[in-house]
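Bear in mind that the values in this text are calculations on the coordinates, not laboratory data. Keep in mind that what you see is a predicted model, and the values were worked out from it rather than measured. When we count neighbours, we look across all protein chains shown, and the Cβ atoms used for this are built from the backbone with ideal geometry, even at glycine.
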Amino acid sequence: MTTIVQVAFLRKGKRYPLVTGNEEFSISPEVWEFFRNVSSIQDLGERLSCRVLVIDAAFDPRKRSEYRELVVGKLSEISGSRIVLLDPDIGIEPTKASGAHVTKEDIEAVWRALREGDWLVLYQHASRNKRWKELAKRKFADICGVSSESFTAPKIAADVAFFAARRLSWQSESLDVMRAMPHPPPAALIKFLKPYDREIQKLALQLRWLVLEEMAPCYENIYDAYSAVAIGYGASDRLRDGIFHIAVYSKHVNLGFNDGAALADPKGILLGSGNRIRHLAIKTPEDLARPEIRAYIQRARKFAMAEARKLGEPPPPKPKGVVSTVKAIYPKKRRPK
C-alpha cells in the first residue's frame, strides 16, 4: 500500500483576531484548532484506499537541521512505496529562506531518504516574478538531480503549483536506465567501459552515481589510462583539488581517496600503504550497498573542505551540475579480452 506523507512545516502561531473597521473579534479556540489541525487529512486515506500520514511536529526555522533529522527518521519507519509532500507556507527558498520556505538542504535530506520508486512533491506558491513557476520547477529539479513534473489547477488556484520528482536507484540493474538517470555518464565514458564485462560496467556506473549523489555539483575528469579507466572528482578540474577517484579493472572497481592516508578510518577498511592514497575495493553490488561506503565518501569530502580552509584557499565557484572532461586517452591500454 502506498503511503502519502505530508511534511507540514507547521509553525506555532498566535491566535490572531478577525478585524473589521476598528473592531476586533477573537476566534474561538475550537474554530482555531479545527483549521490548525492538519492531521485531520489523514482520514482521507480511507476513502482513497491508501495511507495518509502527516508529520505535524512543530517546525522552528532556527532549528532546521533538527527538523530534517526528525522527518528523515519518520520516513525510515514507513515501509512500502511513499509519496512525500513538502508543504511549506510558500515553497522553495528564492535567495534567502524564511520560516515559510523549504531550503535546498531540506529537499536534499528528504530526497536522500527516499527509496527507489518513491515520489517527492513540493508545494509552491506564486511570487512576484512572472516566471515563478518555471524558475521554481527548474530549481527543484536541479536539487533532486532529475527531471520534474508540474501540476496546476488554474481554474481553482492559479497562484499554486506542485512539482514532483521520482527517485530512481543507483542500484538499477539496467544500463539503459542508469544512462537516463541524474547526471548520465558522458558518451566517452560509456565507450571507454565497453571492453569490460557488463557486470563491471554496471558496478562502475553504480559507484559513479553514488559518488555524485554526495559530490555533485562537481568536476569529473576521465582518463582512459593504460591499466584502468579512471574517473576523478573534485571541486575544480585541477588535479590537486581531487577528492575521490574511481578506477575500473577487469574483476573489480576501486573507490580511491586521494588523501586517504590522513582520513579517519574507524572501520579499518581502507586499503593501501602509500603516502597519500587509500582505496576500497568494490567487487559486487553487495559491497557497494554497505552503508560505510557513503559514510567514507562524506567524511572525505568534509576533510578536503576543512584542509582547504586551513590553507586559506577560497572555495572555487560551484559549477552548474557535473562538468565532465576527458583528460587523457592512452594509445596503449591493457583491457579485458
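Please report the relative contact order for region 3-166, taking Cα pairs under 8 Å with a sequence separation of at least 6, and give it as a percent rounded to a whole number.
Value for region 3-166: 21 percent.
What label, among (1) 19; (2) 25; (3) 56, belongs to percent of Cα pairs over 39 Å apart computed from the structure on display?
It is the value labelled (2).
Give, rounded to the nearest 20 debye, the magnitude of the charge dipole that region 175-329 has about its Cα centre when Lys and Arg contribute +1 at Cβ and Asp and Glu contribute -1 at Cβ. The partial results should precede the final answer.
Values: 23 positive and 16 negative charges, 28 e Å.
Value, rounded to 20: 140 debye.
Provide, as a two-decimal number, the C-alpha radius of gyration of region 3-166 over 2.2 N^0.38 Å, N being how many residues it has.
Output field value: 1.11.
Could you tell me how many degrees, from 0 to 90 and to the nearest 10, lie between the Cα long axis of helix 132-144 and the main elongation axis, the longest principal axis, of the Cα atoms of the chain?
Rounded to the nearest ten degrees, it is 40.
Quick check on region 175-329: of the DSSP beta bridges with both residues there, what percent are antiparallel, nearest 5%?
Of those bridges, close to 75 percent are antiparallel.
Hey, fewest Cβ within 10 Å first, where do 111, 32 land in order? Could the numbers behind the result be given before it?
Working: 111 20, 32 14.
Final ranking by Cβ density, sparse to dense: 32, 111.
Expected output is a single nm value to one decimal: the length gained when fully extending between residue 238 and residue 39, i.e. 0.36 nm times separation in residues minus the C-alpha distance. What is it?
Numbers: separation 199, 0.36 × 199 = 71.64 nm, distance 5.15 nm.
Gain on stretching residue 238 to residue 39: 66.5 nm.
Can you give me the angle between helix 291-310 and the longest principal axis of the chain, using Cα atoms only, in degrees from 0 to 90, rounded to the nearest 10?
Between the helix axis and the principal axis of the chain, the angle is about 90 degrees.
For residue 155 and residue 2, FRET efficiency with R0 = 30 Å and r from the beta-carbon atoms, rounded to 0.05? Walk me through the numbers on the way to the answer.
Working: r = 27 Å, r/R0 = 0.91.
That pair, residue 2 with residue 155, gives E of 0.65.
Exposed loop GluC sites (Glu not before Pro) only (DSSP loop, at most 11 other Cβ atoms within 10 Å): please give the longest stretch of the chain free of them, not including the sites. Working shown, then result.
Values: sites that count: 77, 173.
In the chain, the maximal stretch lacking such sites is 174-337.
Where in region 91-151 are there trypsin sites (Lys or Arg not before Pro) that are in a DSSP coil and have at most 11 other Cβ atoms within 10 angstrom of their Cβ? Write down the numbers at each step before the final one.
On the way: sites: 96, 104, 112, 115, 128, 130, 131, 133, 137, 138, 139; in loops: 96, 115, 128, 130, 131.
The qualifying sites are 96, 128, 130, 131.
Can you flag which of 133/155; 104/130; 191/333; 12/96; 202/318; 63/302 are past 18 Å Cα-Cα?
104/130; 12/96; 202/318; 63/302
Can you pull out the trypsin sites (Lys or Arg not before Pro) in region 1-59 whose DSSP state is coil and whose Cβ has at most 13 other Cβ atoms within 10 Å?
Answer in residue order: 11, 12, 14, 15.
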